[in-house]
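Q: This is the structure I want to talk about, given as C-alpha cells.
Please treat every number below as a calculation from the coordinates, not as lab data. Bear in mind the structure is a predicted one, so any value in this text is a computation, not a measurement. Every residue, glycine as well, gets a Cβ built from its backbone with ideal geometry; the counts of neighbours run over all protein chains shown.
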Amino acid sequence: MSPAWRRRVAAIGLISLCLVAPPAEAGPPADVLGWRAARWGMTQAELHVAFGSALAALPGRWHYGGAYAERAILNLSFADQRFIAFFQMGETTGRLQQVVLERQPRQTGPSAYEAVLAALQQEYGPPFAQCPPDRPGATVKVREARWVFPTTTVHVVFLDFLNRDLLFEDPNRDRDIREPSTERQRINPATLPRRVVIRFHPTARTDLLGDGDCMSGLSR
C-alpha cells in the first residue's frame, strides 16, 4: 500500500472513531424561552394554536390578583406526578404572563417536593437560589428553589400549612367553661394543605419573583 493510501485509510479510521464516539453530556440550557410551546405575551388564540386540544376550558374565569386563567392543561405528568398547568393572563393585557403547575391532589408531603426538585435540577442544572426552609415565627413553612434565565425564571415551591402553632376551636362543640382553652383547641391536619407548585414567568417581571429572601441563597 502506498504512503498516500495509508494516510487515506488512517483518516477514514479517525472519522469513524469520531462518528461512533458518545456525545458529551449537555449542560444546563443557556436560556428558557417559556414553558413548552408557550411564550410570554401570547394571546389565548395563540395558546390554542400552540397546544391544540390539550388546552381545556376552565369553568369560568379564575382570578389571581392582577391575572386570570380561563385555560389549563388538566392532566399533566411531571416527575411521575400529576399536575394541572394554569395559563395566567394579564388582567389588563389579556396576554400570557405566567404558567403555574399545581400538583394534584394538593395534599402532599416533602417527598413530592424533593422528586420535583430533582427532576428540575436534571433539566435546568443547580438552582440559582434556594430559600431557607425554616424561618423563625413563620406560620406557614416554605421551601423554594429558583432558576433564573435571561428570558424565564422557574420556581418550585413547597407550602406546608401543617403547623402545630395553628389551632382552632370547633364551633359545633359545646363549650365547657371549666376546660382550658388549650384543651378545647385542636388541629385537623386534613384541613391544612401541603402543596407543591411550579411557576414559570418572564424574568423581566420582577414583581412576580415573590419572596426576596430567596435571592440570598445559593448562586450558580
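Q: Simple spin-label model, 7 Å along Cα-to-Cβ: residue 114 to residue 62 in nm?
A: So the two model labels end up 2.8 nm from each other.
Q: Next question, about the same structure. Explain nothing, just compute: Karplus ³J(HN,Hα) = 6.51 cos²θ - 1.76 cosθ + 1.60, θ = phi - 60°, for every residue of segment 90-107 in order, whole Hz, x for Gly and Pro.
A: x, 4, 8, 9, x, 10, 5, 10, 6, 10, 10, 9, 10, 5, 10, x, 5, 5
Q: Let me ask something else. At 7 Å along the Cα-to-beta-carbon direction for both residue 204 and residue 26, put a label point, then send me their distance in nm to one decimal.
A: Result: 2.6 nm between the two label points.
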